[in-house]
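Everything below concerns the one structure shown next.
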Amino acid sequence: MSKQPNFLIFMVDQCNGTFFGEDGPAEFLHVPILRRLYSQGVNFANTYCASPLCAPSRASFMSGLLPSRTGVYDNAAEFASSIPTFAHHLRKAGYSTILSGKMHFVGPDQLHGFETRTTTDVYPADFGWTPDWSKPDERIDWWYHNLGSVTTAGVAETTNQLEYDDEVAFFANQALHQLSRKDRDQPFCLTVSFTHPPDPFVTRQKYWDLYPETDMPELNESTISYDDQDAHSKRLLDMSDWRNFDTTDQKVIDSRRAYFGNISYIDENIGAILETLKACELDEDTIVIFVSDHGDMLGEKGLWFKMSFFEGSSRVPLMIHAPDRFKAATVSEPSSTLDVLPTLVELAGADVPDEVDGMSLVPSLAGQIESRQVFSEYAAEGSIAPMVMLRQGKYKINICPADPDQLFDLHEDPSERCNLAEDEDHADIRDQMRSDIESAYDFDAYRQQVEISQQQRLMVYEALRNGNYYPWDYQPLQLASERYMRNHKDLNVVEGDARYPRFKENQT
């Protein structure tokens, strides 16, 4: 096992980690491929995203740094080209690095260390979605989530997102075919990043039919009144324009059916890509990773989408499949998507950078489990000040200068119904965890950084919309004169080089 392994990373969007717990995928999920991978791999059952929102979480996943250090506070914050990512580290270590799909990079750098990117992104790369904390009560209709995704849930043959993920899967398979014909001594890291399973809650008929209404799992209370919600949840409900949508019980069920159906859609695509990996004889040297950027509340507690530190939103699946290297196991100690970079770098035989906020999971893969603290941050739409979550052992605390503290015992209260922050029996753990956060964060400075960033980006966006507009959205490059058969190439050489396995003279 001295050879550098290949990496095949499957990242999915908004996949609720509570459905991928101690025993792997929940029983009701129709995910035969993921179930097999989990049964053979190492399942990190209590993994948290670095921020419960796409761009901040993905920048942290790529860099191993929390949003307060990347400056990617929200879905319109630039990810600086100077920040090393795992793609940079692996590329420096000799890897071919490829991205097929979404990574929600904002700014003119749309590669961040990837040598090849096969698709454009599904979301914009500019500053148009910048929140504005100077206008806390403003709702921006044209890009804020609303509950129309719930009230229009159902079945369709295609959607914007299905079209995108069909393309992501196609180009991922094509990338593996291309890798099979190249220098097979060069290791590769192929990241396949889907935009499913979340809203719009629409799936194809065959996946919808996998989840009859009678088989829908019961989630936590979905009828908590607005007045009984915590302060941040009220802001999220207002942001989703909840008063103008009738989210009936039937529409809640329909949304969940489509969501679970799209998890099965992803499972099927992962299976097809793994078949290509095997057909190209690349599977034995490849470590497979399955992860999500954040979760989805799915109506739990009356909340939808992400942007919350509740388990449905902040907890994600993380599985590492390398049965020839590591025994199948479940790790219950908290972990983070920040850990992916140091883990990949160590497995590649390179030096793990000291400055990252994550830690390598290689010891855990080998059965050496250590207790630790895991942080998550949020400073984007729906917030009015920086928010920090800390998970330690069985406890989780949420701190925001604008809101009352929240403390939950996740072993006794996995549904997070009982806030223990004012419970004197838990004063010691509350004070210790709060002190750990206050030692790590200057909230006044953090808020100032976010506000300055927001105002700078709002000004730049408005300015760049005047006059000639040059978008940053990634345009996949295909040099047509070098594809397929062209007259400056020997036809026999082209056909021979494009075939895998190569034809042998004694082959019948």
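For the residue pairs Lys327/Lys396; Lys206/Lys251; Lys135/Lys301; Lys301/Lys396; Lys206/Lys306, alpha carbon separations beyond 23 Å are given by Lys327/Lys396; Lys135/Lys301; Lys206/Lys306.
With helices as the sole contributors, the chain gives -9500 deg cm²/dmol at 222 nm; each DSSP H run of n ≥ 4 counts as -39500 (n - 2.57), and the sum is divided by every residue. What does the net charge come to around Thr119 if you take all other residues with beta carbon closer than 13 Å to its beta carbon, with K and R at +1 and D and E at -1? Cβ neighbours under 13 Å give a net charge of -4. Surface composition of the chain: carbon and sulfur atoms hold 47% of the protein heavy-atom accessible area at a 1.4 Å probe.
Using a/c under 1.5 as the rounded threshold, could you call the stretch 1-109 rounded, prolate or oblate? The axes a ≥ b ≥ c are square roots of the C-alpha gyration tensor eigenvalues, and prolate needs a/b larger than b/c, oblate otherwise.
Since a/c reaches 1.5 but b/c is at least a/b, the shape of the stretch 1-109 is classed as oblate.
So, by mean Cβ neighbours within 10 angstrom, what's the order for 244-255, 228-239 with the highest one leading?
On the way: 244-255: 15.8, 228-239: 18.1.
Top to bottom by mean Cβ count within 10 Å: 228-239, 244-255.
For the chain, the per residue solvent-accessible surface stands at 43 Å², with DNA, RNA and ligands left out and a 1.4 Å probe. The alpha-carbon of Lys278 sits under 18 angstrom from the alpha-carbons of these aspartates and glutamates, leaving out residues fewer than 8 places away in its chain: Asp183, Asp185, Asp267, Glu268, Asp324. Ranking Phe10, Leu491, Gly154 by Cα position along the charge dipole of the chain, where only Lys, Arg, Asp and Glu carry charges on their C-beta atoms, puts Leu491 farthest toward the positive end. Inverting the pair-averaged 1/r between distinct Cα atoms of the chain gives 23.6 Å as its Kirkwood hydrodynamic radius. Taking the centroid of alpha carbons for each part, the stretch 166-215 and the stretch 242-274 are 16 Å apart. Each Lys or Arg adds one and each Asp or Glu subtracts one; over the other residues with Cβ under 14 Å from the Cβ of Pro353, this totals -4. The value obtained for the stretch 231-299, namely the Cα convex hull volume divided by the number of residues, is 106 Å³ per residue. Treating each Cα of the stretch 71-163 as an identical point scatterer and summing with the Debye formula, the log10 of I(q)/I(0) at q = 0.16, 0.17, 0.21 Å⁻¹ comes to -0.85, -0.91, -1.10.
Computed over the alpha-carbon atoms, the stretch 183-322 gives an Rg to Rh ratio of 1.07, Rh here being the Kirkwood radius from the mean inverse distance.
The length gained on full extension between Ser481 and Arg35, counted as 0.36 nm times the residue separation minus their Cα-Cα distance, comes to 156.2 nm.
Among the chymotrypsin sites (Phe, Trp or Tyr not before Pro) in the stretch 450-508, those placed in a DSSP loop whose Cβ has at most 10 other Cβ atoms within 10 Å are Tyr469, Tyr484, Phe503.
Under the convention that each Lys and Arg Cβ holds +1 and each Asp and Glu Cβ holds -1, the size of the dipole of the chain around its Cα centre is about 2040 debye. Note that the stretch 429-442 has calculated 3J(HN,Hα) couplings of 5, 4, 5, 5, 5, 5, 4, 5, 5, 5, 6, 8, 10, 9 Hz, one per residue in order, obtained from phi through the Karplus relation 6.51 cos²θ - 1.76 cosθ + 1.60 (θ = phi - 60°); glycine and proline are x.
Of the GluC sites (Glu not before Pro) found in the stretch 68-166, those in coil by DSSP whose Cβ has at most 13 other Cβ atoms within 10 Å are Glu138, Glu157. Across the chain, Cα pairs under 8 Å and at least six residues apart give a relative contact order of 25 percent. Sparse packing (at most 11 other Cβ atoms within 10 Å of the Cβ) combined with a DSSP loop state is found for the following trypsin sites (Lys or Arg not before Pro) in the stretch 459-490: Arg465, Arg483, Arg486.
Expressed to the nearest 5 percent, the antiparallel share of DSSP beta bridges inside the chain is 50 percent. Distance between the modelled labels on Asp324 and Glu115, one decimal in nanometres: 2.1 nm (7 Å Cα→Cβ projection).
Mind pulling the angle between the C-alpha long axis of helix 249-279 and the longest principal axis of the chain? Nearest 10 degrees, somewhere in 0 to 90. The two axes meet at around 30 degrees. Label zone (Ala231, point 7 Å along Cα-to-C-beta; backbone nitrogen cut-off 15 Å) within the stretch 391-423: 398-407, 421-422.
The values are calculated or read from the model by the stated rules, or taken from the named source; none is laboratory data. Treat the numbers as computed from the prediction; the structure is a model and nothing was measured. Ideal geometry is used to build each Cβ from the backbone, glycine not excepted, and the neighbour counts take in all protein chains shown. The accessibility values were calculated without ligands, DNA or RNA, using every heavy atom of the protein model including side chains. Shrake-Rupley method; radii C 1.70, N 1.55, O 1.52, S 1.80 Å.
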